[in-house]
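Here is the structure we will look at.
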Amino acid sequence: MGAGHAHTLYRHGHTPVHALPPHCKLAAVLCFVVVVVSTPREVVWAFALYAALLAAVAAVARLSPGLLLKRLVIEVPFVAFALLMPFVVPGEQTELLGVSVSVPGLWGAWNVLAKGTLGVAASVILASTTELRSLLLGLQRLRLPPLLVQIASFMIRYGDVITDELRRMSIARRSRGFEARGVRQWGVLAKTAGALFIRSYERGERVHLAMVSRGYTGTMPVIDEVTASRTEWAHAAALPVLALVVCLLGWTL
């Protein structure tokens with residue numbers, strides 16, 4: 001991977017969570033999410049313990065509750081879907097705040113909200129304590145297919161470039177007196193999207209030709225080789241192992 005720049009999601013810090021190798025954190029988050037999804041939805045106390053574990057990790061990483069809550073807004077569409085389930089899922093009915101709702105729908109909504117929120121929160125903590133470039137190196141270390149790693153790398157590198165291109169096109173439209181006020185302006189916006197696609201495609205071709213001229217053969221050179229000691233693996237495994245204990249208790253009690 002070439003040198004990258006820090007993303008706005010990342011919060012610089014010198015905590016034990018920040019210091020862990022990226023592939024250790026990726027494996028820990030993946031295992032944690034698998035354990036959470038495997039937990040029976042009726043074991044409500046287990047999800048409270050999962051949230052406490054994530055809160056402890058966030059405290060060690062020195063991430064403020066406000067930051068986490070603000071970034072959890074990304075799951076609002078799933079929340080809206082979950083809130084509809086008690087009204088559309090058939091089954092036994094019950095009264096909730098004077099409204100008749102479905103019991104299976106309530107359990108389904110709780111299942112989506114609890115597991116989805118915990119998964120998003122774990123991802124937020126991961127993104128806040130690990131640079132994007134390090135995440136790519138971690139994925140490469142975990143033997144993710146190289147082509148997928150390269151695609152992710154290019155998406156990160158040129159996402160800001162394409163966004164800046166769209167911003168310049170928007171400024172050019174406004175400088176000519178254009179304002180999107182209704183359906184009549186949709187044609188102009190559609191043409192803008194088409195022009196942006198063509199410019200992005202042409203830029204991609206130029207970048208590819210430049211890479212080929214510099215010896216690119218389908219694989220990116222690994223500049224930094226990330227490694228992890230047994231102690232670091234043990235520290236990263238603390239979260240999923242504790243979550244697994246909670247899950248097993250939930251299944252047996």
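The values are calculated or read from the model by the stated rules, or taken from the named source; none is laboratory data. Predicted model only: the values in this text are computed from it and were never measured. Cβ: placed from backbone, ideal geometry, glycine included. Neighbour counts: every protein chain shown. We work out accessible area using only protein heavy atoms, side chains counted, and drop any ligands, DNA or RNA first. Shrake-Rupley method; radii C 1.70, N 1.55, O 1.52, S 1.80 Å.
Residues considered: 147, 132. Of these, the only one that is surrounded by fewer than 16 Cβ atoms within 10 Å (Cβ to Cβ), modelled with pLDDT under 90 and not acidic (Asp, Glu) is 147.
Being at pLDDT below 85, part of a helix (DSSP H, G or I) and open to solvent by 100 Å² or more (accessible area, probe 1.4 Å): is that true of residue 174 here? When the stated conditions are applied, residue 174 passes them. The set of residues from region 177-199 being surrounded by 11 or more Cβ atoms within 10 Å (Cβ to Cβ) and either of a type in the set (D, E, K, R) or touching a residue at least 60 places away in the same chain (Cβ under 8 Å) (or both) comprises just one member, 199. Would you be able to say whether some residue in region 124-132 is without any contact (Cβ under 8 Å) to a residue 12 or more places away in the chain and under 30 Å from residue 152 (Cα atoms)? Checked region 124-132: no residue is without any contact (Cβ under 8 Å) to a residue 12 or more places away in the chain and under 30 Å from residue 152 (Cα atoms).
Contact annotation: residue pairs with Cβ atoms under 7 Å, 6 or more positions apart or on different chains, pairing a residue in region 235-253 that is under 18 Å from residue 56 (Cβ atoms) and open to solvent by less than 90 Å² (accessible area, probe 1.4 Å) with a partner that is among the basic types (Lys, Arg) and assigned to a helix (DSSP H, G or I), are 236/25. Of a type outside the set (D, E, K, R) and within 21 Å of residue 247 (Cα to Cα): does that describe residue 17? So residue 17 fails the test.
Considering each residue of region 209-229 in turn, none proves to be in a helix (DSSP H, G or I), among the basic types (Lys, Arg) and open to solvent by 70 Å² or more (accessible area, probe 1.4 Å). Checked against the criterion of being open to solvent by 80 Å² or more (accessible area, probe 1.4 Å), out of contact with any helix residue (DSSP H, G or I) (no Cβ under 8 Å at 6 or more places or on another chain) and closer than 23 Å to residue 127 by Cβ, region 44-54 has no qualifying residue. Restricting 97, 113, 72, 84 to residues that are within 23 Å of residue 38 (Cα to Cα) and open to solvent by 50 Å² or more (accessible area, probe 1.4 Å) narrows the list to 113.
Tell me, yes or no, whether region 60-72 has at least one residue that is among the charged types (D, E, K, R) and in contact with a Phe, Trp or Tyr (Cβ under 6 Å, 6 or more places away or on another chain). I'd like the intermediate steps shown before the answer.
If we filter region 60-72 for residues that are among the charged types (D, E, K, R), which is where we start, we get 62, 70-71.
Applying the additional criterion that residues be in contact with a Phe, Trp or Tyr (Cβ under 6 Å, 6 or more places away or on another chain) yields none.
No; the residues of region 60-72 include none that is among the charged types (D, E, K, R) and in contact with a Phe, Trp or Tyr (Cβ under 6 Å, 6 or more places away or on another chain).
When region 18-37 is filtered for residues that are in a helix (DSSP H, G or I) and open to solvent by 20 Å² or more (accessible area, probe 1.4 Å), the ones remaining, listed by number, are 18, 19, 26, 27, 29, 30, 31, 33, 34, 37. Against the list (1) part of a helix (DSSP H, G or I); (2) modelled with pLDDT of 90 or more; (3) surrounded by 15 or more Cβ atoms within 10 Å (Cβ to Cβ), the condition residue 63 fails is (1). Taking each residue of region 204-230 that is within 30 Å of residue 21 (Cα to Cα) and looking for partners that are at pLDDT 75 or above and open to solvent by 50 Å² or more (accessible area, probe 1.4 Å) with beta-carbon atoms closer than 6 Å, six or more apart or interchain, yields 219/146; 226/141.
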